[in-house]
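Below is one structure; the comments refer to it alone.
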Amino acid sequence: MAERNLITLEKPSFLHGFEEPSLFLEVIFIGAFKWLLKAKNLILTVSRGRVEMLIKKSLEIRRLAPISMLKKGVAILEEGYEQNMLDCVGLGFHCVDLLMRISEMPSFKEHRSTHVLNFDIQGGGPVSTGLVAMAELGAKVGYVGKVGDDYWGDFILKEYKKYGVDTSRIIVEKGRTSPCVAVLVEAATGVRVFMILPSNLTSLKFAEPERSYIENSRMLFLAGGEREMVQAAKIAKAAGIPVFIDGLARGELKGLVDVAICGEEYAHAMTHTHDPLKAVEKLSMDGYSIVGITLGSKGSIFKTEGKIIRQEAFQVKVVDTTGAGDVFHGAFAYAILQGWDIEKTVEFASAVSALKCTKLGGRSRIPTLDETLKFINEYKNPYFQNSKTLHN
């Protein structure tokens with residue numbers, strides 16, 4: 001996917017200091033500027049609140065120009081706002097994954113070494129890999145957060161750009177280190193061990209550019225419960241934007257999350273039951289619109305609007321499950337934004353995640369939309385019999 005840069009424009013600087021005339025000029029200016037940027041494959045965003053204010057105020061300044069011209073300017077602004085809105089903005093842990101598929105796990109106690117069968121370096125992290133999955137499927141996505149000015153930070157940024165994830169709201173923090181994770185995958189069993197190189201990045205503070213970035217999206221995608229996640233969720237909820245979380249809403253996030261999906265072990269820890277049905281029933285009491293549990297090779301289970309949905313896992317030759325849940329979440333978020341029903345959404349996410357597992361790492365085998373639909377159609381599933389219409 002071609003890289004797209006994003007420019008946030010609150011108000012042209014040369015119009016500051018003017019009152020009513022500047023409002024009219026701003027409507028016309030932003031509309032015209034949007035078309036100039038489009039020719040260079042750039043995205044213009046204007047905060048939702050400013051769009052509403054401009055449209056409202058424009059009705060009060062009709063005397064400044066012919067009404068036909070004014071209406072045209074407002075129409076251009078509204079069209080540009082809709083066309084350039086990001087589908088999803090993500091916030092959460094991201095890193096570099098050093099992936100090693102090995103013959104057997106080494107043992108310090110037994111002084112046993114091992115052979116590396118395959119090695120790769122990829123970007124990683126729950127939200128970031130989920131965003132990459134959405135981008136590969138055709139969504140417009142962006143990440144808000146920080147990286148250090150080190151090799152790993154540069155790698156993270158290049159990975160985002162490679163997949164078409166907007167990086168205009170990523171701050172490069174001087175003198176700080178970016179997170180890196182070594183992942184050992186035992187070839188015979190698929191058992192994984194993680195070794196984490198910690199980061200010393202500081203917390204993100206939300207200024208107007210970050211607020212506008214979230215407001216100018218259709219969904220907020222989170223992982224974790226840090227203070228910045230709560231701030232972002234509050235911004236999204238105030239703007240009427242749905243909040244999706246990889247995990248569960250804890251603490252101050254409770255009541256701010258619409259869709260939550262977690263893994264089987266996390267669900268057990270939170271509900272104290274190994275029964276997936278009982279667990280999802282209990283989790284649904286926290287007020288989510290949709291809540292689900294991924295069960296690995298056993299598929300997944302969801303509850304929404306009083307209905308339980310069970311989905312079996314697609315059968316593939318599994319090489320590595322690293323990032324399988326992250327990709328599932330990204331595909332699920334993509335499907336929600338298409339307006340699909342829950343059954344179709346769950347099956348689609350399952351298919352995308354299954355295909356990911358056929359190669360090493362979380363990102364080396366994320367399928368495109370066409371590849372996923374072809375894979376699903378091989379199973380002759382009724383939810384996707386009319387899959388050609390999904391491109392519209």
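Miscellaneous remarks
- Exactly one residue among Asp286, Asp275 is assigned by TED's automatic domain parsing to the domain that holds Ala354 and in contact with a strand residue (DSSP E or B) (Cβ under 9 Å, 6 or more places away or on another chain), and that residue is Asp286.
- Within segment 212-269, tally of residues that are among the charged types (D, E, K, R), out of contact with any Ser or Thr (no Cβ under 8 Å at 6 or more places or on another chain) and more than 19 Å from Phe93 (Cβ to Cβ): 4
- The one condition in (1) more than 15 Å from Gly125 (Cα to Cα); (2) at pLDDT 90 or above; (3) surrounded by 15 or more Cβ atoms within 10 Å (Cβ to Cβ) that Ser199 fails to fulfil: (1)
- Taking the criterion of being modelled with pLDDT under 95, among the hydrophobic types (A, V, I, L, M, F, W, C), part of a loop (DSSP other than H, G, I, E, B) and crowded, with 17+ Cβ neighbours inside 10 Å, the only residue of segment 202-238 that qualifies is Leu204.
- Taking the criterion of being touching a helix residue (DSSP H, G or I) at 6+ places or on another chain (Cβ under 9 Å) and not hydrophobic (A, V, I, L, M, F, W, C), the residues of segment 259-271 that qualify are Gly263, Glu264, His268, Thr271.
- Of the candidates Gly323, Gly306, the single residue that is out of contact with any His (no Cβ under 8 Å at 6 or more places or on another chain), in the same structural domain as Lys356 (by TED's automatic domain parsing), without any contact (Cβ under 8 Å) to a residue 60 or more places away in the chain and on the phi > 0 side of the Ramachandran plot is Gly306.
- Against the numbered list (1) out of contact with any helix residue (DSSP H, G or I) (no Cβ under 8 Å at 6 or more places or on another chain); (2) more than 15 Å from Ile121 (Cα to Cα), Val147 comes up short only at (1).
For (1) over 17 Å from Val183 (Cβ atoms); (2) part of a loop (DSSP other than H, G, I, E, B), each residue gets a yes or a no:
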site	(1), (2)
Phe302	yes, no
Lys317	yes, yes
Asp320	no, yes
Asp326	no, no
Ala333	yes, no
Ser350	yes, no
Lys359	no, yes
Pro367	yes, yes
Glu371	yes, no
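- Within segment 106-132, the set of residues being in contact with a Pro (Cβ under 6 Å, 6 or more places away or on another chain) and not in a loop (DSSP other than H, G, I, E, B) comprises just one member, Arg112.
- For segment 204-220, the criterion of being touching an Asp or Glu at 6+ places or on another chain (Cβ under 6 Å) and within 16 Å of Ile170 (Cβ to Cβ) is satisfied by at least one residue.
The values are calculated or read from the model by the stated rules, or taken from the named source; none is laboratory data. Not measured: the values here are computed from a predicted model. Positions of Cβ are generated from backbone atoms using ideal geometry, with glycine treated the same way; all protein chains shown enter the neighbour counts.
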